[in-house]
Amino acid sequence: MTPFRIIAAAIALACIAFGLWRLEGATHGLAVTRMQAGDTPVTVFRAETTAKGPVVLIAHGFAGSQQLMQPFAITLARNGYIAVTYDSLGHGRNPEPMRGDITKVEEGPTPRLLAQLGEVAALAKALPESDGRIAVLGHSMSSDIVVRFAQAHPEVAAVVAVSMFSPVVTQTSPKNLAAIDGAAEFGMLHDEARRVVGMVSGGAAEPGVIYGSFADGTARRFTLSPGAEHIGVLYSAASMEAALDWLNRAFGLSGNAPVEDRGTAIALLFFGVTLLAWPLASLLPRVSQAPLGAGLSWRRFWPVALAPALLTPLILWKMPTGFLPVVLGDYIAMHFACYGIITLAALWIATRGKGMARPPVNVAFVVAAMLVAAYSILAFGLPLDRYVLSFFPIPERLPLLFAVLGGTILFFLADEWLTRGNGAATGGYPATKALFLASLALAVALNFGKLFFLILIIPIIFVFFVIYGLFSGWVNRRTNDPLVAGLANALAFAWAIAVTFPLVSP
């Protein structure tokens, strides 16, 4: 290992150590208890004191899990609240699927999500630490759920709706509603926040201004968290401060303990995990003495790269979905598979089959692939699962993992082979990832009603492409075999899709 790699390893380990120290220390002085409300996994955060406090039920958004809401839970628990997070139906480690058509609000999963929140509320109100008062906080999809729950339960004293959209808000219901948006979120969410506040203010709705009165339950306010988008709003200190201030006003409390501001710690932790892969890659066995891959120049590369990007959305346009019990998991698997098959066919035609030949698999290949796959899943998965998002599959999700892997393995093996080898087009690897994302966007445009939830997922796929793309480059330069990283990336992407997309049932 060269001195530069040793220095990089030291920096990476320091970043990881600091991130873990900061994140683990966030719950110092708090009691964190895991329990069940029926099949629903629940986590209770409270201060390690005998004092009682109001309960705040905290619900995550679509394709999330309760880990995403930890910053709010920790902030509120530090300040005297009993914060309760949970995995919604079909999400995280909840084995009970969402039922009904998710594109239809009234007859879709909404009634069952409301019933689930009622079960969690009953458990929370029975906690010995509860003083009997209650508020709700929800993000994105769950912002509508918590609004509807508050409307049906007059005892709910306040609502905090993050990235809110709820068509049922009226001038007088729910009581004491605060909307929090990221400043970089979709404009329609900002418009929705202004709309619900304007009902009370008479049309004017300035960020940060309280309209109405807490005394009669008409208080309304919306705030914008600087620089935050749809996920970043959950980690913004401004979001934490706005939620805490609103609930303190509603309950007449004055807690001023620091809010949970973990964005830097999360960033340093995953930066360290990513950087550490560079020096570790130099320890992998050499699989081939000469670089393997198609080695296509730009002139020969472009037709092969463009063909699947254009053809895949058109081929799958009318293809039926719903054969896998997970939202959009079947379409994503088909998109990966179709894209990979077209890439392989185009590559065969472009090279007349000569660019497809490779030596037999050897022991070095198997060892390298297993090591890279283990790092890709565990090094990221362990901190992701603890601090960000549920990442380890419950038994009900294991069949989905193998089903999606059938699609991702075709794409990543074909893509890695296309973009590697002696004479390969410089920049070909990021170009094919950009084309893949463009093909997903085209698929959404062709079938918006069925695939619109992909809009929320495309940015996450982009982040995965960047991180695992770095891994791929480092691994390929060491092993000289692009299929090592191809196998690891296929497993990592299939794993992420299988554990994050919600389970559904008719």
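The values are calculated or read from the model by the stated rules, or taken from the named source; none is laboratory data. What you are looking at is a predicted structure, and each value in this text was computed from that prediction instead of being measured. Please note: Cβ atoms are built from the backbone with ideal geometry, for glycine as well, and neighbour counts cover all protein chains shown. Ligands, DNA and RNA are excluded from the accessible area calculation, which covers all protein heavy atoms including side chains. Shrake-Rupley method; radii C 1.70, N 1.55, O 1.52, S 1.80 Å.
Against the numbered list (1) in contact with a Phe, Trp or Tyr (Cβ under 8 Å, 6 or more places away or on another chain); (2) free of Cβ contacts under 8 Å to residues at least 40 places away in the same chain; (3) open to solvent by 40 Å² or more (accessible area, probe 1.4 Å), Ala374 comes up short only at (1).
Candidates Val287, Val326, Val304: the one that is in contact (Cβ under 8 Å) with a residue 40 or more places away in the chain and touching a strand residue (DSSP E or B) at 6+ places or on another chain (Cβ under 7 Å) is Val326.
Among the helices (runs of 4 or more DSSP H) confined wholly to the stretch 443-506, which include 2 or more residues that are modelled with pLDDT of 90 or more? Once the helices (runs of 4 or more DSSP H) in the stretch 443-506 are filtered for at least 2 residues that are modelled with pLDDT of 90 or more, what remains is 454-479, 482-500. Residue check: is Ala14 among the small types (Gly, Ala, Ser) and surrounded by fewer than 16 Cβ atoms within 10 Å (Cβ to Cβ)? Judged against the criteria, Ala14 is a match.
One residue alone among Arg352, Arg358 is on the phi < 0 side of the Ramachandran plot, open to solvent by 50 Å² or more (accessible area, probe 1.4 Å) and of a type in the set (Lys, Arg), and that residue is Arg358. Note on the stretch 161-204: residues that are over 19 Å from Gly217 (Cα atoms), hydroxyl-bearing (Ser, Thr, Tyr) and modelled with pLDDT under 95 total 0. Out of the residues in the stretch 155-214 that are assigned to a helix (DSSP H, G or I) and in contact with an Asp or Glu (Cβ under 7 Å, 6 or more places away or on another chain), state the one that is surrounded by the fewest Cβ atoms within 10 Å (Cβ to Cβ). Among them, the one singled out is His190. Between Phe411, Phe391, which is crowded, with 17+ Cβ neighbours inside 10 Å and over 11 Å from Val499 (Cα atoms)? Residue meeting the stated conditions: Phe411. Restricting attention to the stretch 34-52, the residues being within 21 Å of Pro95 (Cβ to Cβ) and surrounded by fewer than 17 Cβ atoms within 10 Å (Cβ to Cβ) number 5.
Looking only at the stretch 224-244, how many residues end up being closer than 21 Å to Asn256 by Cα and buried (at least 22 other Cβ atoms within 10 Å of the Cβ)? Going through the stretch 224-244 one residue at a time, the tally reaches 11. Restricting attention to the stretch 97-115, the residues being at pLDDT 95 or above and in contact with an Asp or Glu (Cβ under 8 Å, 6 or more places away or on another chain) number 0. Every test in (1) modelled with pLDDT of 95 or more; (2) in contact with a strand residue (DSSP E or B) (Cβ under 6 Å, 6 or more places away or on another chain) is passed by Leu400 save one, and that test is (1).
Of all residues in the stretch 284-306, those being over 31 Å from the mean Cα position of the chain (by Cα), among the hydrophobic types (A, V, I, L, M, F, W, C) and over 14 Å from Tyr429 (Cα atoms) number 3. Hey, does the stretch 70-89 have a residue that's assigned to a strand (DSSP E or B), free of Cβ contacts under 8 Å to residues at least 40 places away in the same chain and touching a helix residue (DSSP H, G or I) at 6+ places or on another chain (Cβ under 6 Å)? Yes; the residues of the stretch 70-89 include at least one that is assigned to a strand (DSSP E or B), free of Cβ contacts under 8 Å to residues at least 40 places away in the same chain and touching a helix residue (DSSP H, G or I) at 6+ places or on another chain (Cβ under 6 Å).
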